[in-house]
Amino acid sequence: MLVLLRERATPAYRVRDLTVPYMHPSWRVALLREGTPFIAVGCVSVLAPVFFCYGLQGLEQDPQVVLRERPPEVAEGVAVIEWAIQEVFNYEPLSPEEALTVVPDVEIEHCPPGGSTLLAALISNDLNHYV
């Protein structure tokens, strides 16, 4: 998938593998928009045939997660990542609403009791982790 992204992304983007082994139940890839503080991120679950895309704003240690109101720099990168994930894996996307649905009776480390989401269970409970 990284090769496909490098072929299809415009020169304005740098492709990065953000997968952190043993930390998240997903593979993560990012498109960094040159000259901006925006990063488009796609996460492919290793537990179910779903993926989730979002944005990060800020290149520092603790960037802000952008879920809904995506600036054009994030929206364009997310569209490229979504296309590549569907092309390679044929997985279904999770919308922010679906991803943030609380899963009853599931407890996940670093999630409040009774507040574990589908996103935390299948993708990650730490979206602003930037490597």
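Measure off, as a whole percent, the carbon and sulfur share of the 1.4 Å-probe accessible area of the chain, all protein chains present. Mind dumping the intermediate values first?
Details: 3830 of 7020 Å².
Within the chain, the accessible surface is 55 percent carbon and sulfur.
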| request: Mind checking which of G55, T10, A120 is farthest towards the positive end of the chain's charge dipole, using Cβ charges of +1 (Lys, Arg) and -1 (Asp, Glu) about the Cα centre? | output: T10
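Return one whole number: the accessible area per residue of the chain in Å², for a 1.4 Å probe.
Working: 7020 Å² over 131 residues.
Roughly 54 Å² per residue, with all protein chains present.
So what is the relative contact order for the chain, in percent, with contacts set as C-alpha pairs under 8 Å and at least six apart?
Relative CO of the chain lands at 23 percent.
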| query | Summing +1 for each Lys or Arg and -1 for each Asp or Glu, what net charge is found among the other residues whose Cβ lies under 15 Å from the Cβ of E69? | reply | -1
| remark: Calculating mean projected area of the Cα convex hull in nm² from this structure picks out, from [x] 9.6; [y] 8.5; [z] 7.6, entry [z]
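Based solely on its DSSP helices, what 222 nm [θ] is calculated for the chain when runs of n ≥ 4 H residues each add -39,500 (n - 2.57) and the sum is averaged over all residues, nearest 500 deg cm²/dmol?
Result for the chain, helices only: -7000 deg cm²/dmol.
The values are calculated or read from the model by the stated rules, or taken from the named source; none is laboratory data. Keep in mind it's a predicted model, so treat the numbers as computed, not measured. We place every Cβ from the backbone using ideal geometry, glycine too, and count neighbours over all the protein chains shown. These area figures cover heavy atoms from the full protein model, side chains too; ligands, DNA and RNA do not enter into them. Shrake-Rupley method; radii C 1.70, N 1.55, O 1.52, S 1.80 Å.
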